[in-house]
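Trainee: Got a structure for you, written out below as structure tokens; questions coming shortly.
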Amino acid sequence: AQSVTQLGSHVSVSEGALVLLRCNYSSSVPPYLFWYVQYPNQGLQLLLKYTSAATLVKGINGFEAEFKKSETSFHLTKPSAHMSDAAEYFCAVSNDYKLSFGAGTTVTVRA
Amino acid sequence: NAGVTQTPKFQVLKTGQSMTLQCAQDMNHEYMSWYRQDPGMGLRLIHYSVGAGITDQGEVPNGYNVSRSTTEDFPLRLLSAAPSQTSVYFCASKLDSLTNTGELFFGEGSRLTVL
């Protein structure tokens with residue numbers, strides 16, 4: 001089955017700095033990849049998804065992710081962090097129509 | 001818009017007690033699922049359903065039962081609660097069952113503590 005691995009369980013950034021969250025996938029076929037965000041005491045919501053139409057995917061709130069087959073990666077970035085970006089972020093892959101999630105990365109934003 | 005509604009939001013049980021977590025969606029979604037979230041482990045799939053009357057096991061089904069008698073409802077039953085089932089439970093749904101690209105919509109979660 002396909003899986004994803006998120007590198008780094010915690011990331012701390014200064015307000016205005018680049019946010020980079022790493023996700024690598026294992027798959028023998030082209031994967032369908034997702035990034036979800038979870039704000040405190042809430043459910044998850046979709047940030048963006050890769051469905052093979054374009055390798056650079058733009059999502060909500062200024063986030064984007066680039067699919068790199070050669071590196072089996074789907075890293076999430078945002079050029080300038082805002083205090084409201086403090087949350088937990090999950091990378092996920094679709095297996096037989098079901099989503100499998102990575103362990104998550106918690107982002108804290110320093111003023 | 002209600003979306004996916006879970007009840008209760010919080011519950012404390014004693015070991016051996018039973019309970020049902022309720023999940024309802026008003027979006028006419030085919031697919032519904034239950035996940036549990038534990039620190040450092042992400043979300044793990046417990047059970048899922050691709051339509052009314054059809055359910056199947058996910059990654060961690062032991063100790064849980066589900067049923068799908070209507071399109072809207074997908075309750076999760078704990079028959080004999082154990083401390084290992086202390087977790088946050090999420091119900092999620094998507095429009096089409098047989099698609100790898102559909103967005104999952106999540107409820108706000110149910111926090112369960114088993115003493």
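The values are calculated or read from the model by the stated rules, or taken from the named source; none is laboratory data. As the structure is a computational prediction, the values presented were derived from the model and not from experiment. Methodologically, a virtual Cβ is constructed for each residue, glycine included, from the backbone with ideal geometry; neighbour enumeration extends over all protein chains shown. The accessibility values were calculated without ligands, DNA or RNA, using every heavy atom of the protein model including side chains. Shrake-Rupley method; radii C 1.70, N 1.55, O 1.52, S 1.80 Å.
Trainee: Between B:LYS14 and B:LEU79, what is the label-point separation in nm under the 7 Å Cα-to-beta-carbon projection?
Mentor: Between B:LEU79 and B:LYS14, the simple spin-label model gives 2.2 nm.
Trainee: Based on the alpha-carbon gyration tensor of chain A, what equivalent-ellipsoid semi-axes (square roots of 5 times the eigenvalues) come out, in whole Å, largest first?
Mentor: One finds semi-axes of 23, 14, 12 Å for chain A.
Trainee: Given a 1.4 angstrom probe, what's the average accessible area per residue across the protein assembly as shown, in square angstrom?
Mentor: 47
Trainee: Treating chain B as a set of equal point scatterers at the Cα positions, no solvent, please give the Debye-formula log₁₀ I(q)/I(0) at q = 0.12, 0.18, 0.19 Å⁻¹.
Mentor: -0.38, -0.85, -0.95
Trainee: Let me ask another. Can you tell me the relative contact order of chain A? Whole percent, Cα pairs under 8 Å, sequence separation 6 or more.
Mentor: Relative CO of chain A lands at 38 percent.
Trainee: Please report the carbon-and-sulfur percent of the accessible area for the protein assembly as shown; probe 1.4 Å, protein heavy atoms only, DNA, RNA and ligands left out.
Mentor: 51
Trainee: Also: I want to verify a result. In a Gaussian network model of chain A, Cα cutoff 10 Å, which of these has the top mean-square fluctuation: A:GLU71, A:GLU88, A:GLU15?
Mentor: A:GLU71
Trainee: Here is a follow-up. Partner chain Cβ atoms within 10 Å, averaged over the residues of B:31-39 - can you pull that number for me?
Mentor: 2
Trainee: What base-10 log of the normalised intensity I(q)/I(0) is obtained for the protein assembly as shown from the Debye formula, alpha carbons as equal point scatterers, at q = 0.15 Å⁻¹?
Mentor: Listed by q, the Debye log ratios stand at -0.99.
Trainee: In debye, nearest 20, what is the charge dipole magnitude of chain A about its Cα centre with +1 on Lys and Arg Cβ and -1 on Asp and Glu Cβ, if you could check?
Mentor: The calculation lands at about 120 debye.
Trainee: Under 25 °C and 0.890 mPa s, how fast does the stretch B:38-93 diffuse according to Stokes-Einstein, given a Kirkwood radius computed over C-alpha pairs? Answer in µm²/s, whole number.
Mentor: Taking Rh from Cα pairs, D becomes 202 µm²/s.
Trainee: Round to a whole angstrom and tell me the spacing of the C-alpha centers of the stretch A:58-111 and the stretch B:72-115.
Mentor: 22
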